[in-house]
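J.: Quick one: this structure, given as structure tokens, is what I'll be asking you about.
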Amino acid sequence: MEFTCHTTYDQKALTAMARAVRKTVRAKRSRMVRIWAWVIIGLLAVSLWLSWGNIWQTVADCVVIAALLLINWKEDAINGYFAKRKALPGTDAADTTFYPDYYLVKTAAAESKWQYDKILALAETGSYLVLVMGKNHALAMEKSTLEGGSLPEFCRFLEEQSGQKIQHIGG
């Protein structure tokens with residue numbers, strides 16, 4: 001059986017990829033960073049309360065708290081934005097064909113042949129299936145462009161070939 005999928009790497013896809021990497025292979029590190037961010041926000045809130053009479057200290061504390069909250073809230077979108085800026089020309093869309101022994105990714109810039117054992121994790125969002133290959137590398141598949149079979153068949157195929165279970169990560 002041969003499955004094919006076309007993916008356009010826009011902000012939505014890159015955000016889904018960032019979320020998949022954060023919630024699978026970087027889950028422990030991400031959790032620790034978020035804990036430290038909340039500790040810093042708490043300390044800043046205490047500092048804000050103690051320095052209420054000093055206008056400049058109050059403003060500085062509020063700005064830093066707002067920045068940390070925004071970064072925590074939009075972390076995946078920010079990571080996706082910087083990934084897009086670092087992407088090579090010609091890699092904004094990909095056609096992927098899945099064969100029994102390997103899968104082939106074709107972009108305007110290159111053609112890559114990958115083995116299924118290189119997949120570290122499989123993740124699913126509302127619109128994408130994401131193949132995570134490293135702490136900074138992933139490949140998104142748009143569910144709506146899948147050809148060659150149904151989505152459940154494709155999911156079973158990926159799980160069998162990679163030896164990984166698909167994690168539902170939301171988003």
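The values are calculated or read from the model by the stated rules, or taken from the named source; none is laboratory data. Here the structure is a predicted model, which is why all the values come from computation and not from measurement. Virtual Cβ from ideal backbone geometry, glycine too; neighbours counted across all protein chains shown. All accessible areas refer to the heavy atoms of the entire protein, side chains included, with ligands and DNA or RNA removed. Shrake-Rupley method; radii C 1.70, N 1.55, O 1.52, S 1.80 Å.
J.: Search the structure for amide H atoms under 5 Å from the amide H of TYR128, placed 1.01 Å from N in the peptide plane, and list their residues when 5 or more places away or on another chain.
T.: When sequence neighbours closer than 5 places are left aside, the close amide H contacts are LYS143.
J.: Once you put a point 7 Å from the Cα of ILE40 and another 7 Å from the Cα of ALA108, both along the Cβ direction, what distance in nm separates them?
T.: Spacing of the two 7 Å Cα→Cβ label points: 3.8 nm.
J.: OK, next. For region 135-145, take each phi angle, set θ = phi - 60°, evaluate the Karplus expression 6.51 cos²θ - 1.76 cosθ + 1.60, and give the result in whole Hz per residue in order, putting x for glycine and proline.
T.: 5, 10, 9, 8, 9, 9, 10, 6, 4, 5, 9
J.: Follow-up. So how tilted is helix 151-162 from the main axis of the chain? Cα-based, degrees 0 to 90, rounded to 10.
T.: The answer is roughly 90 degrees.
J.: Report in % the part of the accessible area of the chain that belongs to carbon and sulfur, leaving out ligands and nucleic acids; probe 1.4 Å. If you can, show how the numbers build up before the last one.
T.: Working: 6220 of 10230 Å².
Looking at the chain in its full context, I get 61 percent from C and S.
J.: Taking θ as phi - 60°, what are the ³J(HN,Hα) couplings along region 94-108 by the Karplus curve (6.51, -1.76, 1.60), each to the nearest whole Hz, with x for Gly and Pro?
T.: 9, 10, 10, 10, 9, 10, x, 9, 7, 10, 10, 10, 10, 10, 5
J.: Right, something else. Write down the accessible area per residue of the chain in Å², having rolled a 1.4 Å probe over the full set of protein chains.
T.: Numbers: 10230 Å² over 171 residues.
For the chain, the solvent-accessible area averages 60 Å² per residue.
J.: Would you mind checking which residues have amide H under 5 Å from ALA121's amide H? H placed 1.01 Å from N; only 5 or more apart, or other chain.
T.: VAL132
J.: I want to verify a result. In a Gaussian network model of the chain, Cα cutoff 10 Å, which of these has the top mean-square fluctuation: GLU160, GLU124, GLU75?
T.: For the chain, modelled as a Gaussian network with Cα springs under 10 Å, the answer is GLU160.
J.: Provide the per-residue ³J(HN,Hα) series for region 110-118, in order, calculated from phi with Karplus coefficients 6.51, -1.76, 1.60 and θ = phi - 60°, each as a whole number of Hz, with x at glycine and proline positions.
T.: With coefficients 6.51, -1.76 and 1.60, one gets 7, 10, 10, 10, 10, 8, 5, 6, 7 Hz.
J.: Relative contact order for the chain using alpha-carbon pairs under 8 Å, separation at least 6, rounded to a whole percent?
T.: Values: 259 pairs, mean separation 55.8, N = 171.
Computed over the chain, the figure is 33 percent.
J.: Same structure again: If amide H atoms are built 1.01 Å from N in the plane of the peptide, which residues on other chains or at least 5 residues away come under 5 Å of the amide H of ALA138?
T.: Here MET133 satisfy the definition.
J.: Taking the mean number of other Cβ atoms within 10 Å as a proxy for protection, how do you rank 13-23, 148-158 from highest to lowest? Let's see the in-between values first.
T.: Details: 13-23: 24.3, 148-158: 15.0.
Ranked by mean Cβ neighbours within 10 Å, highest first: 13-23, 148-158.
J.: Sticking with this one: In terms of Cα to Cα distance under 22 Å, which lysines are near enough to LYS118, apart from those fewer than 8 places away along the same chain?
T.: LYS23, LYS28, LYS106, LYS135, LYS143, LYS165
J.: How far is helix 27-50 tilted off the main Cα axis of the chain, in degrees rounded to 10, range 0 to 90?
T.: 20
J.: Further question on the same structure: Enter the angle in degrees (range 0 to 90, nearest 10) between the Cα long axis of helix 55-73 and the first principal axis of the Cα atoms of the chain, meaning the one along which they spread out most.
T.: 20
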